[in-house]
Amino acid sequence: MSVGAVILAGGKGTRSANPQLPKIAQIVGPKSLLEWHLDALRATQIRDLVIVSGHLGDQVAELVHSVTSMASYRDFHISVLEEADPQGTVAALRLGASSFPEPVERILVMLGDVLVAMPIEQFLLNWQESSKGVGVVAHPNTHPFDSDSVFVNAIGREVTLPKGSDKRRVPNSASAGLFLITRASLSHYPQARDLGSNLLVEAAEHNDLYIFTDSHYLKDTGTPERLEATNRDFENGVIDRKGSLGLRSALFLDRDGVINSVQPEVYQADDYKVLPGVAGEIKKANERGIPVFVVTNQPGIAKGLMSFEEHFEIRSELDAQLGFEQAFIDEYYFCPHHPDSGFEGERIALKIECECRKPNAALANLISRQHGIELPKSVMLGDTARDQGFARNAGMGFIHVSSSCDLESAHVCELDSVQAIRRAVEELTC
Ligand SMILES: [Mg+2]
Ligand SMILES: [Zn+2]
């Protein structure tokens, strides 16, 4: 099975930092975006690339020539195509896909101006396992309301909501600008013009879209402000920390009693409120490149007090309230189970002794595997003994959020979650 990469590097450079320079030649830290792309591909089997360029094609060809004559990039085979009359990203992709010296079965699609520092091989393997024709990397970002949203809904179906759709109560999960597609699928969607606004939507409608949620570093550098921000991230070590392919340390948050106040068992998204100051502290963790995960027990679902849809609404409302302050959770995990049965209206199938209910460590181990997290160097924040047990079972650090500090065994305690998150972020970045 062969895989090639197509880099879409067309479009006019007018919005970019230096319009005279092709986007893929823009510099972040010590190297061009093209070199960042190749470094991200180094950990994969992909060595054949086609760059589809429009504007400034000669300069792209020159850049490719100078980069591939460096010893460290000599094993990459890159051809450059100039698209005379751009007809949208899907047409550019089709052109690129048909231009490999040897036909490829699967194609990784990169956008020329998106800096990618993530485990692409994992995306590729998981996508192949899904047997879907199209794959997309999703991640939360600081501007969820004007992004192409891609997410799995409360009943497990892939959903896409392009820019401009109604974004109320939608989880913060945006297309990150990295895609996989089989060569056969390229002909399945003949009407699609744009990858984000047409092809992903059609693939989702045909149950043919796989969504890979990633917590590493992917950033659109296509405007002067974004390029500058990406350079700042490089200087501050954020790309190194968040984009590392090695194990990373992370911040784990309980939900009820930490992000929001302790709730009655039955409540609605309309009543949901993030505690004052919490979004600001989570934003600081985001800005320092620390992955942030929520792990929450939601036994109300098993007890029949709340549906999966209602729970999903609350999670989306949480994302929206953080999103208003440019803060985000990298991924949200919950246990819907509860062990004791015999209550009226309960869901029998969820009334089980599961592995995922805290203090069991299954969700921590899952996050560690899915996101490459080093649990012994990570910190859990929670308001109950269950959270403390979860941290202990997973081998993580623990900070108790409590005004009364009423746990039996010795532990670190902070009065409120704002102080606790601040302390954890310091510990995780020192
Ligand atoms: Mg709690
Ligand atoms: Zn469970």
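Summary table
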item	result
Conditions (1) in contact with a helix residue (DSSP H, G or I) (Cβ under 7 Å, 6 or more places away or on another chain); (2) in a helix (DSSP H, G or I); (3) within 16 Å of ligand 1 (Cβ to nearest atom); number of the one not met by I301	(2)
Counted residues, region 118-148 - those being in a loop (DSSP other than H, G, I, E, B) and in contact (Cβ under 8 Å) with a residue 60 or more places away in the chain	8
Qualifying residues in region 368-424 (those that are touching a helix residue (DSSP H, G or I) at 6+ places or on another chain (Cβ under 6 Å) and among the β-branched types (V, I, T)) - the one farthest from ligand 1 (Cβ to nearest atom)	I373
So L41, is it under 29 Å from the mean Cα position of the chain (by Cα) and in the same structural domain as A84 (by TED's automatic domain parsing)	yes
Qualifying residue in region 301-309 (condition: outside the structural domain of F151 (by TED's automatic domain parsing), in contact with a strand residue (DSSP E or B) (Cβ under 7 Å, 6 or more places away or on another chain) and under 28 Å from D406 (Cβ atoms))	no
Residue in region 255-282 that is surrounded by the fewest Cβ atoms within 10 Å (Cβ to Cβ), counting only those that are of a type in the set (V, I, T) and part of a loop (DSSP other than H, G, I, E, B)	V262
Residue among L209, L178, L195 that alone is buried (at least 21 other Cβ atoms within 10 Å of the Cβ) and in contact with an Asp or Glu (Cβ under 8 Å, 6 or more places away or on another chain)	L209
Residue match in region 272-288 (condition: among the charged types (D, E, K, R), within 16 Å of ligand 2 (Cβ to nearest atom) and touching a residue at least 24 places away in the same chain (Cβ under 8 Å))	no
T296, sole failed condition from (1) of a type in the set (S, T, N, Q); (2) in contact (Cβ under 8 Å) with a residue 40 or more places away in the chain; (3) within 16 Å of ligand 1 (Cβ to nearest atom); (4) part of a loop (DSSP other than H, G, I, E, B)	(4)
Subset of region 333-346 that is more than 30 Å from E121 (Cβ to Cβ) and crowded, with 17+ Cβ neighbours inside 10 Å - its residue that is farthest from ligand 1 (Cβ to nearest atom)	E346
Selection within region 328-379 - within 13 Å of ligand 2 (Cβ to nearest atom) and hydroxyl-bearing (S, T, Y)	Y333
Qualifying positions in region 41-50 - farther than 12 Å from L108 by Cα and at pLDDT 95 or above	R42
Within region 307-332, considering residues that are more than 16 Å from N141 (Cβ to Cβ) and in contact with a Pro (Cβ under 9 Å, 6 or more places away or on another chain), the one surrounded by the most Cβ atoms within 10 Å (Cβ to Cβ)	R315
Strands (runs of 3 or more DSSP E) fully within region 149-254 counting 2 or more residues that are more than 18 Å from the chain's Cα centre (by Cα)	174-182
Residue among V170, V150 that alone is aliphatic (A, V, I, L, M) and either surrounded by fewer than 24 Cβ atoms within 10 Å (Cβ to Cβ) or not assigned by TED's automatic domain parsing to the domain that holds A203 (or both)	V170
Hits in region 247-281 (condition: touching a strand residue (DSSP E or B) at 6+ places or on another chain (Cβ under 8 Å) and either away from ligand 1 (no atom under 16 Å from the Cβ) or not assigned by TED's automatic domain parsing to the domain that holds F324 (or both))	L247, R248, S249, A250
Positions within region 386-417 being small (G, A, S), under 19 Å from R255 (Cα atoms) and at pLDDT 95 or above, in sequence order	G389, A391, A394, G397, S417
Hits in region 353-367 - residues which are away from ligand 1 (no atom under 16 Å from the Cβ), under 18 Å from G397 (Cβ atoms) and over 22 Å from the mean Cα position of the chain (by Cα)	A361
Residues of region 45-101 that turn out to be free of Cβ contacts under 8 Å to residues at least 60 places away in the same chain and not in a loop (DSSP other than H, G, I, E, B), as a count	27
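The values are calculated or read from the model by the stated rules, or taken from the named source; none is laboratory data. All of these numbers come straight from a predicted model, not from anything done at the bench. For neighbour counting, all protein chains shown are included, and Cβ atoms are generated from backbone atoms with ideal geometry for every residue, glycine included.
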